[in-house]
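What follows draws every value from the coordinates through simple rules; no lab data is involved. Keep in mind that this is a model prediction, so the values were computed, not measured. Cβ sites come from the backbone with ideal geometry, for glycine too, and all protein chains shown count toward neighbours.
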Amino acid sequence: MAYSDKVLDHYTNPRNVGTMDKNANEVGTGLVGAPECGDVMKLQIRINAETKVIEDAKFKTFGCGSAIASSSLATEWVKGKTVDEALAIKNTDIVKELSLPPVKIHCSVLAEDAIRAAISDWKKKNS
Amino acid sequence: MGSDTAVKLPIYMDNHATTRTDPRVVEAMLPYFGEIYGNAASRNHQFGWAAEKAVEDAREQIAKLIGASAKEIVFTSGATESNNLAIKGVAEMYREKGNHIITEVTEHKCVLETCKRLEKHGYRITFLPVQKDGLIDLNQLKDAITDQTILVSIMAANNEIGILQPIREIGKLCHEKGVLFHTDAAQAVGKVPFNVIEDNVDLVSLSGHKVYGPKGVGALYVRRRNPRVQLVAQMDGGGQERGMRSSTLNVTGIVGMGKAFELAQQELAEESARLLALRESLRTQIEAVLDEVYVNGSLEHRLPGNLNMSFAYVEGESLLMGINDIAVSSGSACTSATLEPSYVLKALGAGDEMAHSSIRFGVGRFNTQAEVDYVAAKVVEVVKRLRELSPLYEMHKEGVDLSKVKWAAEPANQ
């Protein structure tokens, strides 16, 4: 299978790899997927309580190159966005940006899920 | 770690998928693309005679490697066709004797799918499980044989994990029970000693391209005495190959397969020792640096050139992507058309996640120590990098028991 240049770029130079303190109040963590399915994404965001702006994002992913690229791209996209703007990111945007083939669409779905899970974790902590 | 500068990239280390045609084989084939173009079935002129002689010489070369007589070799288009012909041919011929066939879950798809088709036509198939080491349990086989059993089909060497089944004991058991024994030996013959008499086999599927011969040619050994095995042909036509396989013979391919088998016979002892040393070098170099790597299946009962390893917490396709100047394959779902992880690795009971993390290395005749050193170093480097990226490795290091984590389900569209 040939990978798009953008997938290769994110795979070779993944953006925002890392881990934040999952117990911190300003941090939301999303852990989606399952090892037996071959994909697990952990996406973390740090949100400014005042402005609701995502000031930082980190990820770690177990999965194929497209899964790594989807989550790497997701961290780039959510940074600087408000929570509501981040929730508007659709998996189809990721598919388009990375030129994912049909068999890799689930990777983009997982990345969208990870964003939602991280935001929902933050909301739960701060409700 | 070795001299990286000496290797030419990309490196081919996928010798279970196919092997490079040996230049000596190509040399032997060339005249048959040129001036010797006759049909081996043309009995009344020199063109036909020359082709027929070439085919008969190849038949001898192939028979010799497996301890058979030339008359017991039926040429086909490859091991897939041989497996189809053996199983369907026996099933149809011995239908009145019984309708039960025994095979195992880790067989090649061409055996499994053939058996499933027969199942639809009223045959009863037993798919024996394998143990954690990839071997079948002989007692289970013994218990599975009934008075309706006409055939046992168990492969000699597995194409993914290289496991060598105890075919000699299986054959002995089958002969005691009066059941025919077929083995798909496409991966085994030419790599490990194999003899149809000593190994008690009645039908053997062979491939040209797995043994440094050309693609598109194979053979089926069909025993002629003790017992004499009969088959119903599965293709209608001119009745070539003593009525068992119609179609004009692929003379060029057959010449190449013959030469390849001759070379395998001459070089088997030396080559298998060399490949085993390379395989072990690869394994030990990787294991010396990386934690949480596992060899899938028995290390002892294994083809010398096979190494199937799982790199825990790293997904196979992403690993392949990182080592893209090395040709190997993975049992990961992402590399298969079906999005299902390897059924062979699943059958070992190690869990799907280990299948997703697996890489199959197939070391072959043309690989060198320098290449092995390069591959080991590259794999180590990429696995380390991907583990830095892996949430599972991080959780493992934190002491989280991953089997106890409640994972969010996969997205609904997958």
Review point. Say R0 is 51 Å: what FRET efficiency, to the nearest 0.05, do B:Glu267 and B:Lys142 get from their beta-carbon distance?
Key: 0.85
Study note, to complete from the structure: With B:Val130 itself left out, Lys, Arg at +1 and Asp, Glu at -1 over residues whose Cβ is under 9 Å from its Cβ give -2
Check your understanding: So what are the ³J(HN,Hα) numbers for segment B:170-176, from phi and the Karplus equation (6.51, -1.76, 1.60; θ = phi - 60°), rounded to whole Hz, Gly and Pro as x?
Key -> 4, x, 4, 4, 4, 5, 4
Practice item. Any lysines with Cα under 19 Å of the B:Lys88 Cα? List them, leaving off those in the same chain fewer than 8 positions away. Key: B:Lys97, B:Lys109, B:Lys116, B:Lys120
Exercise for review: Please work out the ratio of the alpha-carbon Rg of the protein assembly as shown to 2.2 N^0.38 Å and round it to two decimals.
Suggested key: 1.13
Check your understanding: Out of residues 5 or more away from B:Ala41 or on other chains, whose amide H comes under 5 Å of its own, with H placed 1.01 Å from N in the peptide plane?
Key -> B:Leu249
Review point. Alpha carbon centre of segment B:117-176 versus segment A:107-127: separation in Å?
Key: 49 Å
Review point. How large is ³J(HN,Hα) for each residue in segment B:204-213, as worked out from phi by the Karplus curve 6.51 cos²θ - 1.76 cosθ + 1.60 (θ = phi - 60°), to whole Hz, x for Gly and Pro?
Key: 9, 8, 10, 10, x, 7, 7, 10, 6, x
Exercise for review: Give, as a single signed number, the net charge of other residues whose beta carbon lies under 13 Å from the beta carbon of A:Val53, with Lys and Arg counted +1 and Asp and Glu -1.
Suggested key: -2
Review point. Per residue of B:381-391, what is the mean number of Cβ atoms on other protein chains within 10 angstrom of that residue's Cβ?
Key: 4
Point to revise | Placed amide H near B:Ser153: partners under 5 Å, 5+ positions off or other chain | key: B:Ile102, B:Thr103, B:His182
Check your understanding: With N residues in segment B:179-307, what two-decimal value do you get for its Cα radius of gyration over 2.2 N^0.38 Å?
Key -> 1.31
**Study point:** Residue mean of other protein chain beta carbons inside 10 Å, A:55-67
**Key:** 6
Practice item. Provide the per-residue ³J(HN,Hα) series for segment B:314-319, in order, calculated from phi with Karplus coefficients 6.51, -1.76, 1.60 and θ = phi - 60°, each as a whole number of Hz, with x at glycine and proline positions. Key: 10, 7, x, 5, 5, 5
Check your understanding: Listing B:Trp407, A:Trp122 from the residue with the fewest other Cβ atoms within 10 Å to the one with the most, what is the order?
Key -> B:Trp407, A:Trp122
Study note, to complete from the structure: The percentage of Cα-Cα pairs in segment A:5-125 separated by more than 21 Å is 29 percent
Point to revise | Pairwise label distance in nanometres, B:Asp291 with B:Lys172, each label 7 Å out on the Cα-Cβ vector | key: 4.5 nm
Review point. Relative contact order (percent) for segment B:23-264, with alpha-carbon contacts under 8 angstrom and 6 or more residues of separation?
Key: 28 percent
Study note, to complete from the structure: By the mean-Cβ-within-10 Å protection proxy, highest first, A:111-121, A:69-79, B:391-401 rank as A:69-79, A:111-121, B:391-401
Check your understanding: Could you list log10 I(q)/I(0) for segment B:30-188 at q = 0.11, 0.21 Å⁻¹, which the Debye formula gives when each Cα is one point scatterer?
Key -> -0.53, -1.34
**Study point:** Under 16 Å from the A:Glu85 label point (7 Å along Cα→beta-carbon), backbone N, segment A:31-53
**Key:** A:46-53
Point to revise | Estimated FRET transfer efficiency (B:Ile197, B:Val105; beta-carbon r; R0 25 Å; 0.05) | key: 0.30
Check your understanding: B:Arg124's amide H: which non-local residues (gap 5+, or another chain) put their own amide H closer than 5 Å, with H modeled 1.01 Å from N in plane and none for Pro or chain starts?
Key -> B:His100, B:Ile101
Study note, to complete from the structure: Here the cysteines of chain A lacking a cysteine partner under 4.7 Å (Cβ to Cβ) are A:Cys37, A:Cys107
Point to revise | Residue order, fewest to most surrounding Cβ atoms within 10 angstrom, among A:His10, B:His108, B:His182 | key: B:His108, A:His10, B:His182
